[in-house]
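Notes follow once the structure below has been shown.
The values are calculated or read from the model by the stated rules, or taken from the named source; none is laboratory data. As the structure is a computational prediction, the values presented were derived from the model and not from experiment. Glycine gets a Cβ as well: all are built from the backbone with ideal geometry, and neighbour counts include every protein chain shown. Note: accessible area is taken over every heavy atom of the protein model, side chains too, but ligands, DNA and RNA are not part of it. Shrake-Rupley method; radii C 1.70, N 1.55, O 1.52, S 1.80 Å.
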Amino acid sequence: MTLEWRNADKTYGDKKAVDHFSLEVSEGELLVLIGPSGCGKTTSLKMINRLVEPSSGSVFVDGKDVAGVSATELRRHIGYVIQQVGLFPHMTVADNVAAVPRLLKWDRDRISARVKELLDLVGLPADEYAGAWPSRLSGGEAQRIGVARALAADPPILLMDEPFGAVDPLTREVLQREFLRIQSTLGKTVVFVTHDLDEAIRLGDRIAVMNEGRLVAAAAPGELLLDADPFIRDFTGEDRALRRLARLSVGAAIGEATPIAAAGFNGEGGTPAGSVRTDATLKEALSMMLEAGETSLEAVSPAGRRIGKLTLEDLLESAAGTEAS
Ligand SMILES: Nc1ncnc2c1ncn2[C@@H]1O[C@H](COP(=O)(O)OP(=O)(O)O)[C@@H](O)[C@H]1O
Ligand SMILES: [Mg+2]
């Protein structure tokens, strides 16, 4: 399903929380909404599921103005994940995940099969977790359950408001990678709010940058990091070049279209010294070069087959390129 904000405004008193916001999200796209605290990200997000009504302008879901769709009907098609998850404390994990299917009056067998499937999907085995209480979960586990719960009725749209904001950086990276894996199989239309640029770059098909209620730019990560706009340059920081490297694969730099490993690869995992996998990022490759004091590495396929050589020059050329995404 597609999404669109068209000249959406939200005014609180005399303050414009969202100011003439216009943006379209295509079917299956993972759009990241980013910007400084208070810039209007949450308000814009909540316009989609009618937790906030625009003061003027419109929001369209699947081509329909949401103002004319009942909030209940609308939210059936929209999963919502927030930072502090909000799991129901007096319900087991299974009952939490089953909340929406129950509202939709699915039969028991269908619900329990779905719960098991979702727990598997988010990497928490049902045998171990279905009967667990939310208070016993780690922060990362609770967020995974939050994602499972939002996906329960298989909504085509997923809204995520800083979903991984409250977990430690390592867990956060694991959750991001897992979410990318899930998204690569489910292909939901996702709006993901964050104020963390690295998270935006890692996850986004496209990144929309907001400031003071307004949309400043919307572009693929690689493009955004080359944007000359002063606010964007400032926002993306001095290490924007390194950040670009984190979005490019070794394979792509040597002319073999290779996606970055969704499962994550950090230069370990059994590749011989002096070699790097084609599905590693160029940032990882650069780090390996620096560590080894080498200006080139053997590029090998994930299966261990030698593909070619990655030189520091290839790497620099890719970093300067414009075709990154
Ligand atoms: N219910 C509200 N009443 C008054 N002001 C609000 C309300 N919700 C948000 N705001 C204000 O609108 C601006 C944008 O808020 P928000 O969308 O939550 O920003 P973000 O999610 O980017 O941090 C902020 O200045 C915030 O204080
Ligand atoms: Mg917010």
message: Suppose we keep only residues that are surrounded by 17 or more Cβ atoms within 10 Å (Cβ to Cβ) and on the phi < 0 side of the Ramachandran plot within region 47-57. Which one would you say is nearest to ligand 1 (Cβ to nearest atom)?
response: Val52
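Output the residue which, of all residues in region 294-311 that are open to solvent by 60 Å² or more (accessible area, probe 1.4 Å) and out of contact with any strand residue (DSSP E or B) (no Cβ under 7 Å at 6 or more places or on another chain), is modelled with the lowest pLDDT.
Initial filter on region 294-311 (open to solvent by 60 Å² or more (accessible area, probe 1.4 Å)): 294-295, 302-303, 305-306, 309.
After this cut, where a residue has to be out of contact with any strand residue (DSSP E or B) (no Cβ under 7 Å at 6 or more places or on another chain) as well, the list is 294, 303, 305.
Numbers: Glu294: 92, Ala303: 87, Arg305: 90.
Once the filter is applied, the top-ranked residue is Ala303.
Give the number of residues within region 213-246 that are touching a strand residue (DSSP E or B) at 6+ places or on another chain (Cβ under 7 Å) and either within 21 Å of Gly38 (Cα to Cα) or open to solvent by 50 Å² or more (accessible area, probe 1.4 Å) (or both). Before the answer, list the steps.
Our first condition is that a residue be touching a strand residue (DSSP E or B) at 6+ places or on another chain (Cβ under 7 Å); within region 213-246, this holds for 213-221, 224, 227, 229, 231-232, 235, 245-246.
Imposing the further condition that a residue be either within 21 Å of Gly38 (Cα to Cα) or open to solvent by 50 Å² or more (accessible area, probe 1.4 Å) (or both) reduces the set to 213-218, 229, 231-232, 235.
Matching residues across region 213-246 total 10.
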- request: Write out, first by first residue and then by second, each pair whose Cβ atoms fall under 6 Å of each other, whose residues are 6+ apart or on separate chains, and whose first residue, in region 25-49, is within 11 Å of ligand 2 (Cβ to nearest atom) while the second is β-branched (Val, Ile, Thr) and part of a loop (DSSP other than H, G, I, E, B).
  value: Thr43/Val52; Lys46/Val52
message: Going by what's in this entry, would Leu30 be described as within 15 Å of ligand 1 (Cβ to nearest atom) and within 20 Å of Ile78 (Cα to Cα)?
response: no
Residues (within 16 Å of ligand 2 (Cβ to nearest atom), within 16 Å of Leu159 (Cβ to Cβ) and of a type outside the set (Val, Ile, Thr)) located in region 11-24: Phe21
- prompt: In region 119-152, what count of residues is obtained for those that are in contact with a Lys or Arg (Cβ under 7 Å, 6 or more places away or on another chain) and open to solvent by less than 40 Å² (accessible area, probe 1.4 Å)?
  reply: 4
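Rundown of residues vs (1) open to solvent by 60 Å² or more (accessible area, probe 1.4 Å); (2) in a strand (DSSP E or B); (3) away from ligand 1 (no atom under 16 Å from the Cβ); (4) under 19 Å from Gln183 (Cβ atoms), yes/no style:
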{"residue": "Met1", "(1), (2), (3), (4)": "no, no, yes, yes"}
{"residue": "Trp5", "(1), (2), (3), (4)": "no, yes, no, no"}
{"residue": "Ala17", "(1), (2), (3), (4)": "no, yes, no, no"}
{"residue": "Ser22", "(1), (2), (3), (4)": "no, yes, yes, no"}
{"residue": "Cys39", "(1), (2), (3), (4)": "no, no, no, no"}
{"residue": "Asp109", "(1), (2), (3), (4)": "yes, no, yes, no"}
task: Out of Glu256, Glu199, Glu162, Glu212, report the one residue that is within 16 Å of ligand 1 (Cβ to nearest atom) and over 16 Å from the mean Cα position of the chain (by Cα).
output: Glu212
